[in-house]
Amino acid sequence: MSATENRAGARHVVVIGGGIAGLSAAHRLLERGARVTVLEASDRVGGKLLPGEIAGVRVDLGAESMLARRPEAVALAREVGLADSLQAPATATASLWTRGVLRPLPKGHVMGVPGTASALSGVLSEEGVRRIQRERELPRTEVGDDVAVGEYVAERLGREVVDRLVEPMLGGVYAGDAYRISMRSAVPQLFQAARTHDSLTEAVREMQEKAVAAPQTGPVFMGLHGGVGTLPLAVAESVAARGGDIQLKTTADRLDRTPDGWEVLVGNDPLRADAVILAVPAPEAARLLSTVSPGAAAELRAVEYASMALVTLAYDRADVTLPGGSGFLVPPVDGHTIKASTFASQKWGWLADEDPNVVVLRTSLGRYGETEILEHEDADLVSVSRGDLREATGLDATPLETRVTRWHDGLPQYPVGHHARVARVREHIAGLSGLAVCGAAYDGVGIPACIASANAAVDQLDGDLGGARELTAHPVQSLHGGAGE
């Protein structure tokens, strides 16, 4: 008897969205005995995780690493047969391109917030260093229910710390504006420190001391041989092998309640389900919720996104001499166009092994509010990337091949009050039994955070559907309460 026949009497759950969150939800649901249909509007699965190729070498054209200090992504990779593909970076040493020089990224910081002024000479001005040294003399700064990271850090340590350290660090994760980003949602450990300490630098030093006293084993980040873009493909294969139905180029046009569950309209065809998980970006979730939960839809329509572009460049190794390390970050205040560069062939051993004669680099461009950069032609983005790389590293060779990948509205923004908005969304849909949401718009934009939100959505359905046997036959590790990436 086939897996599909085995599940014929099981609860049917429709997952709308085939990114890593939707696929993770489908995988977990199948482990618990549900019958699952995944609807993906595009022609592929994976969302922002996109495998590709340049100069005959496999590369990631989207996210290229995953936080390993959270267990969700690494655990999922192992569950779908990628245990042997997990690989730590060959080097985790990064630089900061600031004031015209590549400088080692200072140690002893939390998302760019230093615990001491030592080793910041050259990165900060003399006055900037003195400002940090005087921080303990300042009166306590109250943060209330939430505060912008940049606003709080600038008040305690000065704008220079924000502009030259915090901004490039946060920009690498959110492509956002540090003076808008919520400290509570984006850097929760700093938010807790701000609530419980009079001195920010003292709090950061305390965090570092605790980390040294009880060091975590293993790498901070992990990749996969062949690229992180192979993860959603492996999850999709696992879903299909277990009888899950993944439908590409299939748009959910409408979502309605029925007396005994839900109905998803696909074109003119109604698809009936006991439960639905929305694993799509906020605007699409808002569209689908507009009739069944206008309040949740209104909240989700207010979520803003940042767009960005990745430029991938392949060079003949004989033409390239790079500084050591995995790449560098760029403070926007210095006026350069790129916001970061990854020396991919130095960062990932597997990539260097693909073709020893090819060196792959990546640059990223675009931040919140900078949509005009993405309107340029591919050749222009390549040209400006090469110009910045030349100025930063001296690299003046002609690439063997280049690729430009645009991510329009790729990263949701977490402004002050984001946690409250997410709480209101969930409050609005709490009364709609059999409906859950997950993805990057809620509790974190990183791969582990998206997987955790998918796990939580499935757990919610367990409760909504009364813990039915079909949804609890094969428990999977419950993953809650981790710090956001």
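Summary of values
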| quantity | calculated |
| --- | --- |
| Region 104-213 - percent relative contact order, Cα under 8 Å, separation 6 or more | 35 percent |
| Residue order, fewest to most beta carbons within 10 Å, for D84, D380 | D84, D380 |
| Nearest 10 degrees, 0 to 90: helix 378-393 Cα axis against the chain principal axis | 40 degrees |
| Under 18 Å from K107, Cα to Cα: aspartates and glutamates that are on another chain or at least 8 residues apart | E160, D163, E167, E202, E206, E209 |
| As computed over region 175-276, the Cα convex hull volume per residue (Å³) | 266 Å³ |
| Packing-based ranking, highest mean first, of 215-221, 191-197, 75-81 given that Cβ atoms within 10 Å are counted | 75-81, 191-197, 215-221 |
| Evaluated at q = 0.09, 0.16, 0.18, 0.21 Å⁻¹: base-10 log I(q)/I(0), Debye formula over Cα of region 110-234 | -0.30, -0.83, -0.99, -1.23 |
| Helical mean residue ellipticity (222 nm; -39500 (n - 2.57) per DSSP H run of 4+; nearest 500) of the chain | -9500 deg cm²/dmol |
| Least to most buried among S453, S85, S341 (fewest other Cβ within 10 Å first) | S85, S453, S341 |
| Region 104-182: C-alpha gyration tensor shape, a/c 1.5 cut-off, then a/b vs b/c | oblate |
| Neighbour-count order for I181, I451, I429, I373, fewest beta carbons within 10 angstrom listed first | I373, I429, I181, I451 |
| Calculated Rg and Dmax of region 234-274 using C-alpha coordinates, Å | 12.5, 36 |
| Paramagnetic reach from E391 (point 7 Å along Cα→Cβ, amide N under 14 Å) across region 93-131 | 97-102 |
| Along each principal axis, Cα extent of region 241-331, largest first, Å | 67, 37, 22 |
| The chain - percent relative contact order, Cα under 8 Å, separation 6 or more | 25 percent |
| Label-point separation in nm, D253 to T91, each point 7 Å along Cα→Cβ | 5.5 nm |
| Residues of type lysines that K249 reaches as a straight line, Cα spacing below 29 Å, ignoring anything fewer than 8 places off in the same chain | K48 |
| HN-Hα J in Hz across region 195-212 - Karplus 6.51, -1.76, 1.60, θ = phi - 60°, x for Gly and Pro | 7, 10, 10, 7, 10, 6, 4, 5, 5, 5, 4, 5, 4, 5, 5, 5, 5, 5 |
| Relative contact order of region 305-412, pairs being alpha-carbon contacts under 8 Å that are 6 or more residues apart, as % | 47 percent |
| Taking only Cα atoms of region 305-412, radius of gyration then Dmax in Å | 13.7, 40 |
| Per-selection Kirkwood Rh - the chain (Cα, Å, 1 d.p.) | 23.6 Å |
| Assigned charges on the beta-carbon of Lys, Arg, Asp, Glu; region 271-366 dipole about Cα centre (debye) | 280 debye |
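Readers should treat all values here as calculations from the given coordinates under stated rules, not as data from a laboratory. Note that this is a predicted model, so its numbers are computed, not measured. Backbone-built Cβ (ideal geometry, glycine too); neighbour counts: all protein chains shown.
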